[in-house]
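**Q** Sharing a structure here in structure tokens format.
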Amino acid sequence: MTERWRTVAAATGLVAPDGTTRPTIFAEMSALAARTGAANLGQGFPDADGPEWIREAAVDAIRDGANQYPPGRGVPELRAAVARHQRRHYGLELDPSTEVLVTAGATEALATAVLALAGPGDEVITLEPFFDSHAANIAMAGATHVPVPIVPGPDGFRVDLEAFERAVSPRTRLILLNTPHNPTGSVLSADELEAIARAAVAADAVVLSDEVYEHLTFDGASHVPIATLPGMRERTLTVSSAGKTFSLTGWKIGWISGPAALIEAVLAIKQFTTFVGGAPFQPAVARALDEGDPDVAALRDDLDARRGFLVDGLRRAGFDTVVPSGTYFVCADASALLGAHADGAAFARALPEAAGVATVPLSAFCVPGSPTALALAPWLRFTFVKDRATLETAVERLIAFGASR
């Protein structure tokens, strides 16, 4: 019998040829960066902490005694703040007592939702490439992963809607979206969202929407939650967190919102995972959601400038880049540097030593050996959520490397 952990490892490409498991690509590349002194543009976490006033609010909460188990659904002030946030930004009305659940980051929200709603015999559709935990969650549930390509083109990465339509079947139980999309930086368009919504209604499927980069969009791109589309409020679970919005990834405060019956199903699983967590961080995040819009705007403007700097630098180094409309990431095709049959995974592993820069291959976000993984084999993902000095060092080194080819 195959143990479930092996199935999960295989689903995320972490099984080595000899049958052992290897670290995630993020851990591997960060270790390479540390060993070689490379500028690390691989793992997407900020170099700077979030706003001091939010951090001080957590300190105050600790001093005021918020150090024991919080309520299972999350502290009331945070659930209310999430509901106010959704109303203010998107016109979505939520009952904070029954339609909002606080989780240990978006990661737990996604995992517990998949475990609650899908199992053997069910199919879960994702976009491919996908964030690695999405595939892991589906494997943990014993469900079947059905990936749909999101394809690079003149307008950025776009969903192959014909492939999406073919992927939907009577066995489709969940459609797991991510917009703004990691790793490609795409913000799903109205046409894409409408097509996905029509398919969800026709299949009577639940949509699980990962929206952690909801406020980090650029060039006038607007994030539209799929829950706002006609017929979708009653079949959508929406996930977000404080990690990306406020540069507080280590706090692991996330939330999931949607119809009370679906939240109840997620809570049934969540109470046996972390149970609860982050007691002093929850009231601080509640204040951040209510008062932190100016901080988010400043972060977005700063990231926009860093995005432009990195895109320009990658192009000067010889990469063909797609300008992202959101997130922390730029995807770049290395074919011009390496040739038509470039192995991006091997290139990424060699780059810290060869050029002094760490990145991750885009194929690491695909089903191993899938057509999408093969099509994106020459592509790399670089993060721009690093301080200016790190980005300048990386760009300087990449341009020198490109000139030496």
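The values are calculated or read from the model by the stated rules, or taken from the named source; none is laboratory data. These numbers were taken from a predicted model, which means no experiment stands behind them. Because the Cβ atoms are built from the backbone with ideal geometry, glycine has one as well, and the counts that use them run over all protein chains shown. Remember, those area values only see protein heavy atoms, side chains included, never the ligands or the DNA or RNA. Shrake-Rupley method; radii C 1.70, N 1.55, O 1.52, S 1.80 Å.
**Q** Any residue in the stretch 324-332 that is at pLDDT 95 or above, open to solvent by 20 Å² or more (accessible area, probe 1.4 Å) and more than 24 Å from THR12 (Cβ to Cβ)?
**A** Yes, the stretch 324-332 contains a residue that is at pLDDT 95 or above, open to solvent by 20 Å² or more (accessible area, probe 1.4 Å) and more than 24 Å from THR12 (Cβ to Cβ).
**Q** How many residues, within the stretch 91-128, are out of contact with any Pro (no Cβ under 8 Å at 6 or more places or on another chain), charged (D, E, K, R) and either in contact (Cβ under 8 Å) with a residue 40 or more places away in the chain or open to solvent by less than 10 Å² (accessible area, probe 1.4 Å) (or both)?
**A** Of the residues in the stretch 91-128, 4 are out of contact with any Pro (no Cβ under 8 Å at 6 or more places or on another chain), charged (D, E, K, R) and either in contact (Cβ under 8 Å) with a residue 40 or more places away in the chain or open to solvent by less than 10 Å² (accessible area, probe 1.4 Å) (or both).
**Q** Let me ask another. Is there a residue in the stretch 351-358 that is more than 21 Å from the chain's Cα centre (by Cα), in a strand (DSSP E or B) and surrounded by fewer than 19 Cβ atoms within 10 Å (Cβ to Cβ)? First the steps, then the outcome.
**A** Just the residues of the stretch 351-358 that are more than 21 Å from the chain's Cα centre (by Cα), to begin with: 351-357.
Narrowing further to those that are in a strand (DSSP E or B): 357.
Now narrow it down to the ones that are surrounded by fewer than 19 Cβ atoms within 10 Å (Cβ to Cβ): none.
There is no residue in the stretch 351-358 that is more than 21 Å from the chain's Cα centre (by Cα), in a strand (DSSP E or B) and surrounded by fewer than 19 Cβ atoms within 10 Å (Cβ to Cβ).
**Q** Now for a different question. Can you tell me which residue within the stretch 218-241, out of those that are hydrophobic (A, V, I, L, M, F, W, C), outside any loop (DSSP other than H, G, I, E, B) and touching a residue at least 60 places away in the same chain (Cβ under 8 Å), is surrounded by the fewest Cβ atoms within 10 Å (Cβ to Cβ)?
**A** Out of the qualifying residues, it is ALA227.
**Q** Continuing with the same structure: Across the stretch 57-90, what is the number of residues that are open to solvent by 80 Å² or more (accessible area, probe 1.4 Å), over 20 Å from VAL276 (Cα atoms) and either of a type outside the set (D, E, K, R) or out of contact with any helix residue (DSSP H, G or I) (no Cβ under 7 Å at 6 or more places or on another chain) (or both)?
**A** Qualifying residue count, the stretch 57-90: 2.
**Q** Looking only at the stretch 152-172, decide whether some residue is hydroxyl-bearing (Ser, Thr, Tyr) and buried (at least 21 other Cβ atoms within 10 Å of the Cβ).
**A** Yes.
**Q** Something else now. Is the stretch 305-312 home to any residue that is open to solvent by 10 Å² or more (accessible area, probe 1.4 Å) and not in a helix (DSSP H, G or I)?
**A** no
**Q** Looking only at the stretch 87-112, count every residue that is of a type in the set (Ser, Thr, Tyr) and over 11 Å from VAL239 (Cα atoms) and tell me the total. Outline the logic, then answer.
**A** Taking the stretch 87-112 first, the residues of a type in the set (Ser, Thr, Tyr) are 90, 97-98, 103, 107, 112.
Going one step further and asking which of them are over 11 Å from VAL239 (Cα atoms), we end up with 90, 97-98, 112.
Residues meeting the conditions: 4.
**Q** Same structure again: Go through the stretch 176-215 and count every residue that is surrounded by fewer than 24 Cβ atoms within 10 Å (Cβ to Cβ), hydroxyl-bearing (Ser, Thr, Tyr) and not in a loop (DSSP other than H, G, I, E, B).
**A** 0
**Q** Take ASP295 and tell me if it is over 14 Å from GLY254 (Cα atoms), in a helix (DSSP H, G or I), touching a Gly at 6+ places or on another chain (Cβ under 8 Å) and open to solvent by less than 60 Å² (accessible area, probe 1.4 Å).
**A** The answer is yes for ASP295.
**Q** Output the qualifying pairs, or none if there are none: Cβ atoms under 7 angstrom, residues six or more apart or on different chains, first residue in the stretch 257-270 and touching a residue at least 12 places away in the same chain (Cβ under 8 Å), second residue assigned to a helix (DSSP H, G or I) and surrounded by fewer than 18 Cβ atoms within 10 Å (Cβ to Cβ).
**A** Listed pairs, sorted by first residue: PRO259/GLU234.
**Q** Of everything in the stretch 17-43, what is open to solvent by less than 20 Å² (accessible area, probe 1.4 Å) and under 30 Å from ASP295 (Cβ atoms)? Give them in sequence order.
**A** Hits for the stretch 17-43 are MET29, ALA33, ALA39, LEU41, GLY42.
**Q** Out of all the residues in the stretch 82-90, is one or more of a type outside the set (Lys, Arg), under 28 Å from the mean Cα position of the chain (by Cα) and assigned to a loop (DSSP other than H, G, I, E, B)?
**A** If we filter the stretch 82-90 for residues that are of a type outside the set (Lys, Arg), which is where we start, we get 82-83, 85-86, 89-90.
Checking which are under 28 Å from the mean Cα position of the chain (by Cα) leaves us with 82-83, 85-86, 89-90.
With the extra rule that they be assigned to a loop (DSSP other than H, G, I, E, B), the set shrinks to none.
No, the conditions are met nowhere in the stretch 82-90.
**Q** Also, I was wondering about something else. Restricting to the stretch 359-371, name every residue that is surrounded by 24 or more Cβ atoms within 10 Å (Cβ to Cβ) and among the polar types (S, T, N, Q).
**A** Scanning the stretch 359-371 gives THR359, SER363.
**Q** Need pairs with beta-carbon distance below 7 Å; first residue among the β-branched types (Val, Ile, Thr) and within the stretch 184-199, second assigned to a helix (DSSP H, G or I); sequence gap 6+ or separate chains.
**A** Hits for this filter: ILE196/PHE164; ILE196/ILE226.
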